[in-house]
Each structure stands twice: as structure tokens, then as C-alpha cells.
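Please read the structure below before turning to the comments.
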Amino acid sequence: MNVFNDFGDRVKAAILRLGWLAADGSALDLGRIGVEPPRDAAHGDLAVNAAMVLAKPMGRSPRDLATALTGELQGDADIAAADVAGPGFINIRLRTSYWTGILRQILADGTGFGASDVGAARKVNVEYVSANPTGPMHVGHCRGAVFGDALANLLAFSGYDVTKEYYINDAGAQVDVLARSAFHRYREALGEDVGPIPEGLYPGDYLKPVGEQLKAGYGLVLLALDESGWLPIVRRAAIDAMMAMIRDDLALLSVRHDVFFSEASLRGQGGDRVMRAIEVLRAKGLIYQGRLPPPKGQLPDDWEDREQTLFRSTDFGDDVDRPLMKSDGSYTYFASDIAYHFDKYERGFAEQINVWGADHGGYVKRMQAAVRAMSEGNARLDVKLVQLVKLLRGGEQVKMSKRSGDFVTLRDVVDEVGSDPVRFMMLYRKNDAPLDFDFDKVTEQSKDNPVFYVQYAYARTQSVFRQAATELSGTDLSAEALVQAQLGLLTDAGEQGLIKRLAEWPRIVEAAASAHEPHRIAFYLYDLASDFHGHWSRGKDMPQLRFINVDELLLTVARLAMVQSIALVLASGLAILGVSAPDEMR
């Protein structure tokens, strides 16, 4: 149950009962009415802006409207008080029985509390990672992988039909470089003195096993072929080996995709789907032959002043029209990307989300323009840019990895600190904000380490139940029994604060899903953990607040019901982030 949506509906129903109309006699637009937590908790539980947004269309004073609406709301059995504040806001305070009803809902729903049908089973494609298959995953890919995976989990929890997709860039010049690099390692495996890695090839040791596989599979056969003969064979073997490595690297973070889509397949046995996409745009009058003005500033080395096949991307919000064909007749990367997104659309994905590195920021407008054009405005592409990660150890930048050649691998990071700290900390900043990842900080057992602090909160809930099993032997503490607890006994301000924090969970989930911002989940979990740890500490100084008191069994069972609710919400949020909920901290 989303408290704020619930009372938003109640406020709108009250307005309809009052018979309010716009000054011209037409029906009012109630879409801008919002119910939110007040900025100051001392003002109540809910803040309503209805009178403020309706005053102008009704031609009446906001305060007069607020007074009338407050009188109507006073009849709601769950409202303890409704007051007019300032120029016309309404502050509402709810009865304790309403909050205890939220606790019962959590206990009944389990970890499903907060899930919603806001997605209405709409299909959404989340494409993330999509790194070139030329080597192991590096730490930059790590952040995008975690962000995309958590976003997909969040959307699924919110009722969307989610497909997690990886786009394999296996048709560009970089995979030919990969093949030549692997062939170098193949000759090395055969015992040739190949010398240092030639300039322009990939230097990492990760290609040595590929050379050994080629030796085992082909012996000396490939040496007898010229490049046109061995290149496609080695290219395929190297791409397969790199994708297997990438899948293994991602599995370390529990990242698994539903679909791996090959760029090369766009021009494979099924026909030239790139040209087909271009022809679809041409039929819409969006392709023409023309010249582009030179880019501002220094000209790129590959810029050509020539007539080109252009897409009218400026008709859809882009800065300039974009070329689709190179001078040699081959397609631009953009043309292939149009075909790929057109394929997504034909697969039923009107909602598409791409997770890209921050260096792709200049590519966003043209891709969004293409999606709008090919779908006639029926599809939407949201691009989430993920900023860089700086690896630190005690404040000093971490050195490069020898195995990869020139970067720190995802495996390096996960092997050292584990999957949970990596996933949580990669989500503990908004995706478009730079991130400092300090190996020392993320393994520290303190409040300053968010992943430890949240997991420790969950572990503490489990320790409470282990203690209860010992001290309350014979007492029924099943889920069914806790739902029936006398929750009205939870009157302490700290307990009420915890219940209200739990009640925010559905709203947080819905807002995070709507904005495509899973970091909001991480922030909320930290706040909930902080409230719980704070209440635990109060119990040390005031024994009457402790969760277990064998002399007050009814109150103890009520408090255990609250603790169980906290555990369920923590477990639910951690699952969305892809982080474990440990019973004990070791």
C-alpha cells in the first residue's frame, strides 16, 4: 500500500464530494494534486497541495479552499487531524491504527510489500554493459553492469515485463584487431619467437589461452592460410572466447542477461537489416542526399566534404542531420545502431533503456531522434549515462592491472572485496555523478561504510529472533502469529518513526522506477538501517524499549512484528540491488 497514493485518492474523492468546478463551470484537472511527506515531521504525516493548485482555475482563495477541504477530510476515520498551514497547504496527521495497518500489510505481503503494477506488464528492454568483445571487463564496465542490472530488477518489481539485453559489437574494425592479436598469440603458442606485441594490437595476457585453443584446434593449418583465410576463423574463435570471459566476469556480480544480440547478425543470413531500416526511414521521407557543414572547431581527421546519405535527425530534436553511409559505401555505426533499435521496436519494445558510459553523451540526441522517427513517436528511448569510477586505496589511486595490459579489471575488484560491496557502492551515488571507490572504506565495519551498515541492520533483525527463540521458548512467533499481534502497543516515538519509515517504501520504489534511479533504493535502505540502529541503541540505555521483555509478552510480540517488518523491507531492497541479506556478519 502506497500511503501517499492512497490519500491522494481520498483527497480527490473529497473534492468530488464537494462538487468543486473550475470558474468556467468545467471539470477540474486533479492531476497536479500531490500528497507528500511534509518537510518538517513536526507538521504531521502528510502534506497536501490541492488548494494551492486549484485556486487559480477556480478563481478562489487557496486558504478558503483549504479550509473547506479540511472540513471534508475530518470525516475520514483514518485522519486524526487536518490543519491549514501557510497560504493554503493542508497538513494531515493519521491515526495510530492506520500505521499499524501498514505493519500488518508488510507481514502479510512479505518481501513483496512495495511491489506494484505501475508497469502494467509493459515490455521494457534494458540494454547494458554491451562492451566490445575485445577483452575482460574493466571497472568502468562494472558500474554500468551493476546499474543496469539493479534498474532491471527495480522495473520488474514495479510490474514491468523486463528483458535484460547485451549488444555484442562484433562487426567493427576492433574485432579484426582482436583477431590479429589472437593470431599473434597462436603463433606464440606454436613456439615461434614472435617478439613484443606489435603496435596497435591488444597486449593483455588474456589472449594467451585463445592462442592455445587455436593451436589445439587447428595445429599448423592456419599458418598455411593467408589473412583472408584465417581472419574469419580466428575472429569467431576470439569473439566466442571473449564473450565467455565476459559472461564469467559478469557472473561474479550475479549479472546475467536474457538476450545477447550480435551486431554482425544485422547483416547476416537473415538479410541486410541495416539497409531495411534505412529504407523504412526513406519511405517516411527522412533520408536524403546532401552535404553537412564542417564541425565547429578543429576538423576531425576523417571529415569529408562530400554528398552523403543523411538522416533528418534535426526533425526530431538533434543538432545536425546524421550520415548513414561512409565514402566506401559501408554503413556508419549510427546506421547499424538505428537497425538494432528498430529490431528492438519490432520485437515489441516501445520502452527502451540504454546504459552507456559518460563518454557517449554526444550520441544520445541522435539515437533518441532515430527511435522517435522509426516508431513514429510510439517508442521512447531513455539513455542513462554512467560516470567514471576512480579506484582508491587509503585515498591513493590504485595502479593498473598487469593481466589486462592497461586497466583494472572487474575481476580484480570483486576478488578483493566481494560482490556485495561492489554492487552496493556502485549504486550509492546517482549514475551520472563520479564515484570514488576506496578498497579500505568498503571493507570497513562502521557506519561510514553503507553496505556494512545496511547488511548489519538485517543481521541484527535475525539476531533478535534467535534471541527470542531462546528466551520465549514455546511462544508462537510464526508469520501468522505476528500478523495478529497487538500492534497498537507500539506507542514509543522511535517505534512510530520506524513504522512511518517502512510505510515510505512503496512510494520510494515507485518514484525510483519512474525516474530510472535505483540509487534511491540504496539511500532509503541506509536511512532505514540508521533508524533501526538508532532505536537499538536507545534500548541499551532504556531497558523498557528493548525488543524482548519476557515480562511483557504482548508488547514483545508486537515489537517482534515490527522487527520482522524491518527485516522484510531490508531484504526486499537488497534483492533489488542484487546484494545479499546475511543472517550474521562475519
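The values are calculated or read from the model by the stated rules, or taken from the named source; none is laboratory data. Just so you know, these numbers come straight off a predicted model, no measurement behind them. Cβ coordinates were reconstructed from backbone atoms using ideal geometry, including for glycine residues, and neighbour counts include every protein chain displayed.
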(request) Could you please give the count of residues in the range 232-291 that are assigned to a loop (DSSP other than H, G, I, E, B) and closer than 23 Å to Ala369 by Cβ? (result) 5
(request) Would you point out the residue of the range 143-187, among those that are part of a helix (DSSP H, G or I) and at pLDDT below 95, that is surrounded by the most Cβ atoms within 10 Å (Cβ to Cβ)? (result) Gln174
(message) Can you tell me which condition Ala468 does not meet? The list is (1) more than 28 Å from the chain's Cα centre (by Cα); (2) crowded, with 20+ Cβ neighbours inside 10 Å; (3) more than 16 Å from Asn549 (Cβ to Cβ), and all the others hold.
(response) (3)
(request) State all residues of the range 188-219 that are part of a loop (DSSP other than H, G, I, E, B) and within 19 Å of Phe407 (Cβ to Cβ); if no residue qualifies, say none. (result) Ile197, Glu199, Gly200, Leu201, Tyr202, Pro203, Gly204
(request) Report, by residue number, each residue of the range 143-188 that is closer than 20 Å to Ile239 by Cα and in contact (Cβ under 8 Å) with a residue 60 or more places away in the chain. (result) Ala145, Glu165, Tyr166, Tyr167, Ile168, Asn169, Asp170, Ala171, Gly172, Val175, Leu178
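Can you pull out the residues in the range 91-112 that are of a type in the set (Lys, Arg) and within 27 Å of Met52 (Cβ to Cβ)? Spell out the reasoning first.
In the first step, residues of the range 91-112 are kept if they are of a type in the set (Lys, Arg); the result is 93, 95, 104.
If the condition is that a residue be of a type in the set (Lys, Arg) and within 27 Å of Met52 (Cβ to Cβ), then Arg93, Arg95 are the ones that fit.
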(request) Give the residue, chosen from Asp432, Asp412, Asp436, Asp420, that is in a strand (DSSP E or B) and either more than 20 Å from Ile566 (Cβ to Cβ) or outside the structural domain of Ile566 (by TED's automatic domain parsing) (or both). (result) Asp436
(message) Suppose we keep only residues that are among the β-branched types (Val, Ile, Thr) and in a loop (DSSP other than H, G, I, E, B) within the range 292-337. Which one would you say is surrounded by the most Cβ atoms within 10 Å (Cβ to Cβ)?
(response) Thr332
(request) For Ile548, state whether it is surrounded by 15 or more Cβ atoms within 10 Å (Cβ to Cβ), part of a loop (DSSP other than H, G, I, E, B) and touching a helix residue (DSSP H, G or I) at 6+ places or on another chain (Cβ under 8 Å). (result) yes
(request) Go through (1) surrounded by fewer than 16 Cβ atoms within 10 Å (Cβ to Cβ); (2) over 30 Å from Leu107 (Cα atoms); (3) at pLDDT 95 or above one by one and return the number of the condition Ala81 breaks. (result) (2)
(message) Return the pair list, or none, for Cβ contacts closer than 6 Å from residues in the range 433-460 that are of a type in the set (Asp, Glu) to residues that are loosely packed, with under 14 Cβ neighbours inside 10 Å and outside any helix (DSSP H, G or I), at least 6 apart or on different chains.
(response) Asp436/Lys390; Asp440/Gly394
(message) Looking at Phe465, Phe452, Phe439, can you tell me which residue is of a type outside the set (Gly, Ala, Ser), modelled with pLDDT of 95 or more and under 18 Å from Val579 (Cβ atoms)?
(response) Phe452
